[in-house]
1. Just one of the numbered conditions (1) in contact with a His (Cβ under 7 Å, 6 or more places away or on another chain); (2) assigned by TED's automatic domain parsing to the domain that holds A:Gly61 is not true of A:Gly321; which one?
2. If I go through the range A:193-224 residue by residue, how many of them are touching a strand residue (DSSP E or B) at 6+ places or on another chain (Cβ under 8 Å) and within 16 Å of B:Val58 (Cα to Cα)?
3. Just to verify a result, which residue in the range A:166-181, among those that are away from chain B (no Cβ under 13 Å) and of a type in the set (Ser, Thr, Tyr), is surrounded by the fewest Cβ atoms within 10 Å (Cβ to Cβ)?
4. Tell me which residues, restricted to the range A:182-203, are part of a helix (DSSP H, G or I) and surrounded by 23 or more Cβ atoms within 10 Å (Cβ to Cβ).
5. Can you spot a residue in the range A:75-84 that is hydroxyl-bearing (Ser, Thr, Tyr) and closer than 18 Å to A:Val216 by Cβ?
6. Assigned by TED's automatic domain parsing to the domain that holds A:His168, touching a helix residue (DSSP H, G or I) at 6+ places or on another chain (Cβ under 9 Å) and at positive phi - does that describe any residue in the range A:230-251?
7. Tell me which residues, restricted to the range A:118-129, are of a type outside the set (A, V, I, L, M) and in contact (Cβ under 8 Å) with a residue 40 or more places away in the chain.
8. Only one of these is touching a His at 6+ places or on another chain (Cβ under 7 Å) and among the hydrophobic types (A, V, I, L, M, F, W, C): B:Ala4, B:Ala62, B:Ala55, B:Ala76. Name it.
Amino acid sequence: MKFLSEYRDQKAADQLAQAIRQRVTRPWTIMEICGGQTHTIVKSGLEDLLPREITLVHGPGCPVCVTPIELIDKAVTIAARPEVIFCSFGDMLRVPGSSKSLFDVKAEGADVRIVYSPLDALKLAKTNPDRQVVFFAVGFETTAPANAMAAWQADHDHIENFSLLISHVLVPPAMEALLSSEKCVVQGFLAAGHVCTIMGYEEYIPIAARYKVPIVVTGFEPLDLLEGILMTVTQLEEGRHEVENQYSRAVRREGNRPAQERIAEVFEITARQWRGLGEIPASGFQLRGRFKKHDANLRFPSSAEPARESPECIAGLILQGIKKPHDCPAFAVKCTPEHPLGAPMVSSEGACAAYYHYGRRQTHDVHIELPSPASR
Amino acid sequence: MCLAVPGRIVEITDGGDIAFRIGKVDFGGIRKEINLAYTPEAEVGKYVLVHVGFAISVIDEAEAQRVFQYLAELGALKEELGEIPQ
């Protein structure tokens, strides 16, 4: 497919990898923010092309992974109600809650449906006026315009039986939370290309300056990632810390203005709980003003049991880039995609699922062979 | 979840308010109806990046060639200087 397959060309990838090898003189630790990027890196074996000086750590950019367990529990409770058609992206269904996942409650007879777009859920609400249709609106900035539009159209067309259970999170506050932690090992970032397609990249400029980290807006195909790494390494080697745009075929500096306007009309910024990371101030969206009537969290008040995380799961450390999936004793033993203990093993963007599916189970740990970034 | 796929617009239907602007988009043979509210500049024949049923960006075809131009320059440079030993 055009604009896809050409960015998977092996010869071009080798050329870029060679350019990276020529540029590197010291060890560097780079974080790719988005779980989609993690999957490309692991699936395409990009780490094997890179010089051993470069360590890639995988970031928190997996909406399924960071959706708090309390909200999974709430989704399960709502989905179990007889009048409800509960709609979700497929990724969310296997995520373990305190005692059940959405799949479990579906197996018990709940009407849980996988949809491709929030507009499909809205369509279901129109065709089932006697049912309550709830859409599990999780995601980063990339998905916010779609969910904002579903709320806006529901309001515009008076679809009263449609509501959204929202867990919308934002990348820049999470980056700041990671960077301000003493445990942070990250020296440069590959920013999430599609998040920046919506929001642009001006908001990353103060972050790059304050924490002295290069931030390169990067796409999702192998050549995108290799070029993003090359640009980041070049900045690190030259002692620069700027925001650059590798993914210029899709991302403009100012982002997508009509999408930003719709987001601002429908959502307001709020503090959000991140599974594994805790609460981060001003790090997410909730519905504002007249759209609040479509908020499932308000429509279905719950007296939920206290949430219970698996004590063995180290998802929080993995999402911060402090541990890798194969550092976890439960990885591929007690925790598999069929029986996950935590969300990163479930999602198509989770680091644990990527390592499991693409065979990175026994790789050497680069951290052991290199001096730790703190001691550099 | 932030996955987005490029496809070519083959048809556009205006639904009154821009919020309802729909296009038929071809993804290597598979055609889907996609909301074009966020890409008012989209035209038939252009490629858009599609995420959960919405076009979020029109692909800049000149920028899409940039990495290949860079690699071509890199190749030409190497030929001039001779292969650099690794």
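1. Result: A:Gly321 fails condition (2) only.
2. 6
3. Kept after step one, since they are away from chain B (no Cβ under 13 Å), are these residues of the range A:166-181: A:166, A:172-181.
Then keep just the ones that are of a type in the set (Ser, Thr, Tyr); that gives A:180-181.
Working: A:Ser180: 10, A:Ser181: 13.
Residue satisfying both the conditions and the ranking: A:Ser180.
4. A:Gly193, A:His194, A:Val195, A:Cys196, A:Thr197, A:Ile198, A:Met199
5. From the range A:75-84, those hydroxyl-bearing (Ser, Thr, Tyr) are A:77; that's our starting set.
Those still in the list that are closer than 18 Å to A:Val216 by Cβ too: none.
No, because not a single residue in the range A:75-84 is hydroxyl-bearing (Ser, Thr, Tyr) and closer than 18 Å to A:Val216 by Cβ.
6. For the range A:230-251, residues assigned by TED's automatic domain parsing to the domain that holds A:His168, touching a helix residue (DSSP H, G or I) at 6+ places or on another chain (Cβ under 9 Å) and at positive phi: absent.
7. Matches in the range A:118-129: A:Pro118, A:Asn128.
8. B:Ala4
The values are calculated or read from the model by the stated rules, or taken from the named source; none is laboratory data. Remember, predicted model here, so these are calculated numbers, not experimental data. Using ideal geometry, Cβ is built from the backbone for each residue, glycine included, and neighbour counts are taken over all protein chains shown.
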